[in-house]
Amino acid sequence: MTSVEDAMTTGYGLAVEAWTAAGWRGVLPLPARSKTPPPSGYTGAGGGWPTPETISAWTATGAPNACLRLPDGVIGVDVDAYGAHGGAETLGRMEARCGRLPATWTITSRSDGVSGIRLYRAPLGVGWRGDAGPGLDIIQHRHRYAVLPPSIHPEGREYLLIGPGGELGDHPPAVDDLPILPTAWVDALREPVREPIPEPERQRVGDGPLDRFKQRATVGDVRAMLDRLGAHGWRAVGDLWHGTRPGKTTGTSVVVGLGRPGGAGNVAHVHTNNWPGLPAGTYTASDLLVVINGGDARRAAAEVLEAEGWRAPNDTSWLRGEPAGEEEAGPSDERPSDEDAALLAQLIDWQEWWRHDQQAEEWLLYPLVPAGRSVAIYAPGKTGKSLLMLSAIVDGITGRPVLGTRPAPDDLVVLYFDYEMTDADLRERLEDMGCDETTDLSRLRYASLPSLPPLDTAEGAKAVVRLAKLVKANMVVADTFGRAVQGDENDADTVRNFYRHTGLALKAAGIAVARVDHAGKDPGK
């Protein structure tokens, strides 16, 4: 059994004693040579803070490793500058844009002088981006944590605290000792504020002109408006009035009467779809006013009436008898079921579709590749499709307008599998595009003649998704498709298998995929 004295000399015991003394509250235990898992309930946006009693209990277990959940008002800029992560390049681009980061305390297990978590004071209550580009993540109160010294990395390295001057830190800093994150960096790292879409203004019941008209309209007013639309042949049936639509000589096409029990105003129930401009349904006096006048008043009136619940074509409870004599029944006016509504919801609202602001759609390479989507770019051989794709990517990564229209996002990272060109071919093309040794193409992760399982198999999909996540790519290119798959490129089953495996796996990960191919598939296959 571990004694209290022995426990205090373990990684967690040493870390919690030092960091708690410096005023930090969220020191949590971890297993040996591991970054996870911390105790449940103490991380994330809803996590709590350990009590002294809880800390004593954790200390007594002799936990080998420790981590720190940062408080609100402190963030860690985590740079991974090793392997293919690209953190040093991202940091360089950020500092060129936002200014150099102030020297601060850094937690790291690496010796490259760049990798590690830099600690800064930051504004309270701000939501921070999860990452700022390849190899640069943000550690924050509601997301992730920092492994503390003297914990041991899974690969056997010891975590260290490095001071602002590059010295080995003996004592953790207090929060107030940390430098403040510069304003330009705050603006660059904070999450974009998404303003809620305001609800459309609705007039209160009784306030709008249409509503006032509905309140005071009489049965005679409703009949007079229907007369302007061609109604005729009115006859009283009890307290109701039956009328005939234009183009007919007899029969009941419309019934006019009082509104719903307890409701003001008067309504007309139309029983035919053959009345020009007045389909079957229940109309208030305000509805008819809008039908007659048309124009922009229609939308405003619809909002008012829908808010008040007056549009109920299937509600005929106010009728005091069945209308008689209508020989031409229109389509059913029954309210659709939930299942029917779900089917109808899939249909495009064309007016809304045409009004859609295409600028709001996120594009990686405009107008070639939308974010998170699968696209195919195909043409006969030697027509420049690979050159088009490569030049668009280079323009996007280097910040030049893509195809002369819209720049690519700053975080564009492309994983390009080239099954035809060699490295020498690529260099020649890049030089033709004006690139040289000073051009930063670190976000183009290029593989010439890659050795991968076929992309129309589950194994190929797994390898591609794994590699894409390792380099934090948000776009994958397969060029040329026919050499990336095991099936016949001209066979529809091959294309289906590619999308069923690699295409769907990348889509689930939010990664776009572009398939560069020869002319379209043989329709006979």
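The values are calculated or read from the model by the stated rules, or taken from the named source; none is laboratory data. Note that the coordinates shown come from a computational prediction; the quantities given were computed from them, not determined experimentally. Note that each Cβ is placed from the backbone with ideal geometry, even for glycine, and that neighbours are counted across all protein chains shown. The accessibility values were calculated without ligands, DNA or RNA, using every heavy atom of the protein model including side chains. Shrake-Rupley method; radii C 1.70, N 1.55, O 1.52, S 1.80 Å.
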Nearest-0.05 FRET efficiency for LEU504 and ARG406 at R0 = 25 Å, using Cβ-Cβ distance, is 0.35
From the P(r) of segment 117-182, could you give the percentage of C-alpha pairs in the tail past 13 Å? 73 percent
Name the shape class, rounded, prolate or oblate, that the alpha-carbon gyration tensor gives for segment 47-159, where a ≥ b ≥ c are the square roots of its eigenvalues, rounded holds for a/c under 1.5, and otherwise prolate holds if a/b is larger than b/c and oblate otherwise. oblate
Rounded to the nearest 10 Å², the accessible area of GLU155 using a 1.4 Å probe with every protein chain kept is 120 Å²
Gyration tensor on Cα atoms of segment 399-525, a ≥ b ≥ c root eigenvalues, a/c under 1.5 rounded, else prolate if a/b beats b/c, else oblate, says prolate
Could you give me the percent of Cα pairs per 5 Å distance bin for segment 1-107, shortest bin first, beginning at zero and ending with the bin that holds the maximum distance? 2, 11, 17, 19, 16, 12, 11, 7, 3, 1, 0
Accessible-area ranking of LEU278, LEU470, largest first, probe 1.4 Å: LEU470, LEU278
Can you give the accessible area per residue of segment 449-525, in Å², using a 1.4 Å probe? 46 Å²
Near-label residues of segment 7-50 by backbone N, under 15 Å of a point 7 Å along Cα→Cβ of ASP170: 18
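Cross-link list LYS472/LYS507; LYS35/LYS469; LYS382/LYS469; LYS35/LYS507; LYS35/LYS472: which exceed 22 angstrom alpha carbon to alpha carbon?
Beyond 22 Å between Cα atoms: LYS382/LYS469; LYS35/LYS507.
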Could you order the peptides 500-511, 371-382 from most to least packed, using the average number of other C-beta atoms within 10 Å per residue? 500-511, 371-382
Segment 155-179 versus segment 400-469: alpha-carbon centroid distance in Å: 38 Å
Which value, in Å² rounded to 10, gives the accessible area of ASP177 with a 1.4 Å probe and all protein chains present? 90 Å²
Residues of segment 1-109: accessible area per residue with a 1.4 Å probe, Å²: 45 Å²
Average the reciprocal distances over every distinct pair of alpha-carbons in segment 451-490, invert the result, and give the Kirkwood radius in Å. 10.6 Å
On the accessible surface of segment 374-525, probed at 1.4 Å, how many percent belong to carbon and sulfur atoms? 51 percent
Sorted by chain and number, the residues with a modelled amide H under 5 Å from that of ILE377, at a separation of 5 or more or across chains, are ARG515, VAL516, ASP517
How large a share of the accessible area of segment 57-182, in percent, is made up of carbon and sulfur atoms when the probe is 1.4 Å and the other protein chains stay in place? 53 percent
